[in-house]
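The values are calculated or read from the model by the stated rules, or taken from the named source; none is laboratory data. None of the values given here were measured: they were computed from a predicted structure. Don't worry about glycine lacking a Cβ; one is built from the backbone with ideal geometry, like all the others, and counts go over all protein chains shown. These area figures cover heavy atoms from the full protein model, side chains too; ligands, DNA and RNA do not enter into them. Shrake-Rupley method; radii C 1.70, N 1.55, O 1.52, S 1.80 Å.
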Amino acid sequence: MDTLLEVKNLSVSFASNRKLLEVVSGISFTVRKGEVLALVGESGCGKSASCLALTGLLPVPPAKISAEKILFNGDSGTFDLTSADRRQLQKVRGGHIAYVFQEPTASLNPVMRIGKQISEVLKLHRPELKDHKAEMISLLTQVGITSPESRLNSYPHELSGGMQQRVMIAMALAGNPELLIADEPTTALDVTVQSQILELLDDLRKTRKMAIILISHNLGVVSRLADRIAVMYAGKIVESGSAAELLLSPAHPYTRALLGAIPVLGGKQERLNTIPGMVPPPGAFPAGCRFCDRCEHFKTLSIELQNRCLTIQPEPIEILTGHQVCCFSPIGEKK
């Protein structure tokens with residue numbers, strides 16, 4: 001499968017009180033054409049900041065972005081996003097890489113009709129189209145909105161949360177992107193609507209042969225859709241691999257803890273599992289492993305090995321083809 005997006009050593013910092021606070025620390029990943037890559041981790045781990053940095057959506061300053069490489073290999077050519085100017089980035093945004101943000105209520109313009117908002121995307125990225133109305137109706141139909149022609153005249157507040165999210169997806173699709181970045185697309189939706197939105201994204205991915213980066217804090221949600229998963233913690237990718245391998249044989253203690261916190265339908269436990277402690281804030285990341293103060297596995301190690309975890313930052317190691325983990329003592333390591 002061809003590589004669509006290649007990111008190497010991406011870091012993101014924000015200026016605060018004359019200091020630079022690093023929120024993303026040298027992460028690397030790839031997205032292949034037509035696949036779903038899930039970025040998973042607790043709130044504040046750097047998932048959204050990483051994806052916003054790809055096309056320059058973070059304001060600089062206060063943000064500072066650096067990367068060895070951000071290459072987008074689209075059908076119309078290769079874009080080096082690390083050196084692209086504003087005009088080139090505007091061409092990529094929406095036309096090649098589109099975003100669906102969480103909280104559609106905050107993302108849609110409350111005083112502009114739905115049709116007008118979709119039409120603006122078509123004018124910018126597909127000016128050759130003559131019949132905008134027919135295309136807008138087609139887009140709303142594709143995302144499962146009934147009576148699409150009448151909905152073009154609706155204001156966002158006249159739609160339910162699930163309908164608003166479908167409109168956001170339609171707007172993202174209006175530019176015919178090759179990569180869709182969906183940032184917590186099921187946040188604040190009830191369980192039934194969550195399932196419908198995930199099924200919609202999967203159907204669109206297949207019919208349009210489009211790649212997706214799915215950002216979520218919930219491994220249970222992404223397990224239904226992802227081909228590969230990258231688990232982030234405190235600004236770093238701590239484990240990555242195929243969804244099947246990572247979910248069945250998680251090697252990093254944080255991944256195992258996330259999986260252990262997923263409620264089990266019909267389970268007999270009285271209390272849900274939690275991960276003790278808190279994520280270290282930017283500017284207070286420890287010198288060694290950023291998870292070791294919350295790691296149950298750390299407590300079983302010898303003093304010598306604990307000192308290594310506390311003082312040295314683990315680098316990614318490949319424990320199986322395509323399955324990498326940043327841990328000195330990965331659980332269930334393949335020999």
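From the set of residues in the range 314-327 that are open to solvent by 60 Å² or more (accessible area, probe 1.4 Å) and either in contact with a Leu (Cβ under 9 Å, 6 or more places away or on another chain) or assigned to a loop (DSSP other than H, G, I, E, B) (or both), which is nearest to SER249 (Cα to Cα)?
So the residue we want is THR321.
Which numbered condition trips up CYS45, out of (1) surrounded by fewer than 22 Cβ atoms within 10 Å (Cβ to Cβ); (2) outside any strand (DSSP E or B); (3) not small (Gly, Ala, Ser)?
(1)
Quick one: is VAL167 in a helix (DSSP H, G or I) and of a type in the set (Val, Ile, Thr)?
yes
Kindly indicate the residue of the range 184-194 that is in a helix (DSSP H, G or I) and over 17 Å from the mean Cα position of the chain (by Cα) and also surrounded by the most Cβ atoms within 10 Å (Cβ to Cβ) among those meeting that condition.
Among residues in the range 184-194 that are in a helix (DSSP H, G or I) and over 17 Å from the mean Cα position of the chain (by Cα), the one surrounded by the most Cβ atoms within 10 Å (Cβ to Cβ) is VAL193.
I'd like the full set of residues that are among the hydrophobic types (A, V, I, L, M, F, W, C) and either in a loop (DSSP other than H, G, I, E, B) or touching a strand residue (DSSP E or B) at 6+ places or on another chain (Cβ under 8 Å) (or both), limited to the range 282-313.
Within the range 282-313, ALA284, PHE285, ALA287, CYS289, PHE291, CYS295, LEU301, ILE312 meet the criteria.
Which of the residues that make up the range 111-152 are under 20 Å from ARG208 (Cβ atoms), among the β-branched types (Val, Ile, Thr) and exposed (fewer than 15 other Cβ atoms within 10 Å of the Cβ)?
THR141
Could you check TYR99 against (1) over 15 Å from the mean Cα position of the chain (by Cα); (2) surrounded by 15 or more Cβ atoms within 10 Å (Cβ to Cβ) and say which number it fails?
(1)
Can you tell me how many residues in the range 277-315 are of a type outside the set (D, E, K, R), over 30 Å from SER16 (Cα atoms) and touching a residue at least 40 places away in the same chain (Cβ under 8 Å)?
Number satisfying all stated conditions: 2.
Listed residues ILE169, ILE181, ILE197; which is open to solvent by less than 20 Å² (accessible area, probe 1.4 Å) and in contact with a Cys (Cβ under 9 Å, 6 or more places away or on another chain)?
ILE181
Counting just the residues of the range 270-288 that are more than 23 Å from the chain's Cα centre (by Cα) and modelled with pLDDT of 90 or more, which one comes out surrounded by the most Cβ atoms within 10 Å (Cβ to Cβ)?
Residue satisfying both the conditions and the ranking: GLY288.
Can we say GLU42 is at pLDDT 85 or above and within 30 Å of GLU315 (Cα to Cα)?
yes
May I ask you to say which residue of TYR233, TYR254 is open to solvent by less than 20 Å² (accessible area, probe 1.4 Å), of a type in the set (Phe, Trp, Tyr) and touching a Gly at 6+ places or on another chain (Cβ under 8 Å)?
Answer to the selection: TYR233.
For the range 206-281, please list each of the helices (runs of 4 or more DSSP H) lying entirely inside it that holds at least 2 residues being farther than 25 Å from LEU10 by Cα, touching a Lys or Arg at 6+ places or on another chain (Cβ under 7 Å) and of a type in the set (D, E, K, R).
none
Kindly provide the set of residues from the range 126-146 that are out of contact with any Leu (no Cβ under 8 Å at 6 or more places or on another chain), assigned to a helix (DSSP H, G or I) and under 15 Å from GLN164 (Cα atoms), ordered by number.
THR141
I'd like to verify a number: residues in the range 7-25 that are surrounded by 16 or more Cβ atoms within 10 Å (Cβ to Cβ) and under 22 Å from ILE317 (Cβ atoms), how many?
Qualifying residue count, the range 7-25: 5.
Can you tell me which residue among LEU57, LEU52 is under 18 Å from ALA172 (Cα atoms) and assigned to a loop (DSSP other than H, G, I, E, B)?
Among LEU57, LEU52, only LEU57 is under 18 Å from ALA172 (Cα atoms) and assigned to a loop (DSSP other than H, G, I, E, B).
Pick out the one residue from GLU22, GLU68 that is among the charged types (D, E, K, R) and in contact with a Lys or Arg (Cβ under 8 Å, 6 or more places away or on another chain).
Unique residue meeting the criteria: GLU68.
Here's the yes/no breakdown for (1) surrounded by fewer than 20 Cβ atoms within 10 Å (Cβ to Cβ); (2) at pLDDT below 90; (3) more than 22 Å from THR55 (Cα to Cα):
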position	(1), (2), (3)
SER154	yes, no, yes
HIS157	yes, no, yes
LEU173	no, no, no
SER240	no, no, yes
